[in-house]
Amino acid sequence: MEEEVMKKRLRDNFLIGIFFLVIACLYVYLFARTKLIFSAGDMMFHANRMEELFRDVQHGVLIPRISTYTFNQVGSGINFFYPWIFLYPFVIFRLITGNPIMAFYLGVILETFLTLAIAYYSMHQYSHSKTRSLVFALIYTLANYRLYLVFNQNVLAESIGYTFVPLVLLGFYEVFFSNQQKWPLFGIGMTLLIYSHMLTTALTASFLLLTFLIFLPVIQGKGKRLLSAVKAAGLSLALTAFFLVPFFEQTLTNHLRASWKGFNYVALPMHVIENSLNNAPWQVIGFVLLLTLTFGFLGLKHAPAVEKFSYFSGLVLVLLTTTLFPWDKLLGTPIANLQFPYRLNGLATVMLSIYLSLLIEQAIRFLQSHYHVSSYLSIFVILAGLMCLTVSASEQIISWRSSDLMIDKRPTVNNYYLQNKNVNGCYNLRRNNWQNQFYYYGHNGAFDYFPVNIKADGQLITSIVTHHALVDGRKVNLTSRLTSKPNAIRYDLSGLKAGSTVQLPILFYHNDVVKIGNSDYRKPMVSNSTTVVVKVPQTHKQVTVKYQDSLLDVISVLVSVLAWLVVAASYLYRKLHRRKDYERIS
């Protein structure tokens, strides 16, 4: 009997997986049919990250440290501060297809499929209802804000992060309100979120902390549950050590400036309503979830506590994205790192989707019991409605981005937007113009995590990113004299006078080392502007600057690998133990 149940469960999960894969392919096809990427500034940022990892992997290097092929080839340390592990699928698809555009869309298909699957799994573990789990997965994955992230603004890292937020919420619920022994689920969920996007991690963690404080009086067995939460945190720290250790190492040992702080695109309440009603693929919750906010209160009376909290938290989060909240009063606080209050719509989307899935499940049960309407038919109608909204949104994005130019020329400092013909300040990318974006890159994020004294000087930035060295105080262009290698750049100083002092156009980060001529690698001299300084040798005038993993870096990688092996071994042990128990009972 048990074996039959297992076979049925496997068969059902397989069919659901096929269903989700078909949806993911259809969803992405609506944009992939253009055979280009509608590249907002964020897409160019992530394209540089993808290209760097792709070049590293081509040369057999699996961990990107400093950027030497992209981000203007100045040794930018963006990879210390932006998680890169989930760029690997895009790189693998690129290696298979040889086409960066196809690789991007295949990666988004995988991301969409995983979002559907994880949303379904998370809701099923909570509600034990296949119907509700399917509804939640569809509403959440096809939600307006996620579509905005993936295809309008191309905020790839943030969109990947929201793939795992339902799993994080499930883990939090298990630890504090259900089975606290499932703390590994919480730890793994937070790990995957950290692997995706640090700011989304911080937002989600802050939301969970506030949720914990709200429910603290009613949490039973607080001591044991807090201990489980600490275990989950410890597991997550071990699993993410390979990223977090270099992150903190570089943060503490360099004087860097990250992205700008402030609050932009704070919406008027009426603009939120108008854009949602128009199904605009913008930074709003969208038509479906606006209806949920407007009429959802009608179902609160019979809703469980979790769902009531989901509705009200979603309402508060949406209101916080508007001018009803005095964001200007927080400009001098760490909260200013949020940059865009509309980012709260991501959490609002998942919370309102949880509540809406309950309402729809109740409606489906009512139709089934009173009118004999098949639940499959109801789900098909819901899917059809959501896909119609997606088609409408895709047409709007294609219409907007059709005015963006192709990046058919290599941008320059003085002609970055190609004679200002580019109305939206963005480029569209095709296979044949993909490489042009890497020769000069000045979009959002291009100069993030530069040393403070460089980032504050626009002329100095321009000089460095155009590869101008200072040779005894005189500018010399080294563009044709540099060779990129994984995590290293080699400069040919032939023709320069021996003994000359050269301030190389490469940024210095902790653990960078330099090899001058035939010497061994050693710690370099560093200028006041935090660039590497060398003396031209008498012979063998080749100078290489590279990042050399510290002992901490190496240990952190070993810790994370061992932690994942322990997690995998524990999972297999439990599976085998359960199988033996079943065979013994049989």
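The values are calculated or read from the model by the stated rules, or taken from the named source; none is laboratory data. In this text, all values refer to a predicted model and were calculated from it rather than measured experimentally. We place every Cβ from the backbone using ideal geometry, glycine too, and count neighbours over all the protein chains shown. Each accessible area value is taken on the protein alone, full model and side chains, heavy atoms only, with ligands, DNA and RNA left out. Shrake-Rupley method; radii C 1.70, N 1.55, O 1.52, S 1.80 Å.
With axes computed from alpha carbons, what is the tilt in degrees of helix 100-127 against the longest principal axis of the chain, rounded to the nearest 10 within 0 to 90? It works out to around 40 degrees. The calculated 222 nm mean residue ellipticity attributable to helices in the chain amounts to -18500 deg cm²/dmol, summing -39500 (n - 2.57) over DSSP H runs of n ≥ 4 and dividing by all residues.
Taking a straight line from the alpha carbon of K541, these lysines sit under 17 Å away, with near neighbours fewer than eight places off in the same chain left out: K497, K515.
Of C25, C426, C388, which has the most accessible area with a 1.4 Å probe, and how do the rest follow in descending order?
Working: C25 60, C426 10, C388 90 Å².
Listed by decreasing accessible area, they come as C388, C25, C426.
Rounded to the nearest 10 square angstrom, K455 shows an accessible area of 50 square angstrom against a 1.4 Å probe.
Its relative contact order, with pairs defined as Cα atoms under 8 Å and 6+ residues apart, puts the chain at 18 percent. Taking each residue as 0.36 nm, the span from L26 to D408 lengthens on full extension beyond its C-alpha to C-alpha distance by 134.6 nm. Against the chain, whose longest principal axis comes from its Cα atoms, helix 222-239 is set at around 40 degrees.
Only protein heavy atoms count here; on that basis, with a 1.4 Å probe, M387 has an accessible area of about 40 Å².
Placing +1 on the Cβ of every Lys and Arg and -1 on the Cβ of every Asp and Glu, with nothing else charged, gives the range 85-194 a dipole about its Cα centre of roughly 160 debye.
Relative to the longest principal axis of the Cα atoms of the chain, helix 2-32 runs at roughly 50 degrees. Residues whose amide H lies under 5 Å from that of A258, counting only those 5 or more places away or on a different chain, are Y449; hydrogens are built 1.01 Å from N in the peptide plane.
Would you list which aspartates and glutamates come within 17 Å of K301, measuring only between C-alpha atoms, while excluding same-chain residues fewer than 8 positions from it? Leaving aside aspartates and glutamates fewer than 8 places away in the same chain, those within reach of K301 are E361.
Within the accessible surface of the range 1-85, defined with a 1.4 Å probe on protein heavy atoms only, the carbon and sulfur portion equals 65 percent. A straight line joining the Cα centroids of the range 70-99 and the range 1-59 runs 17 Å.
Top to bottom by accessible area (1.4 Å), largest first, where do R431, R401 land?
On the way: R431 140, R401 20 Å².
Largest accessible area first, the list is R431, R401.
Summarising the amide proton neighbourhood of I506: residues at separation of 5 or more, or on other chains, whose placed amide H is nearer than 5 Å comprise V532. Scalar couplings 3J(HN,Hα) for the range 367-384, obtained by applying the Karplus form with A = 6.51, B = -1.76, C = 1.60 to θ = phi - 60°, are 5, 6, 7, 9, 10, 6, 7, 4, 5, 5, 5, 4, 5, 4, 5, 4, 4, 4 Hz; x denotes Gly and Pro.
The separation of the range 216-254 from the range 425-477, counted between C-alpha centres, amounts to 37 Å.
What shape does the range 242-282 have by the C-alpha gyration tensor, where a ≥ b ≥ c are the square roots of the eigenvalues, rounded means a/c under 1.5, and otherwise prolate means a/b greater than b/c and oblate the rest?
The shape class here is prolate.
In summary, the aspartates and glutamates within cross-link reach of K182, defined as a Cα separation below 15 angstrom excluding same-chain residues under 8 places away, comprise E174. For the range 112-155 versus the range 365-405, the inter-centroid distance based on Cα atoms is 14 Å.
Accessible surface of W260, taken over heavy atoms with a 1.4 Å probe and every protein chain present, rounds to 110 Å².
The listed residues T390, T333, once ranked by accessible area (1.4 Å probe) with the largest placed first, stand as T333, T390.
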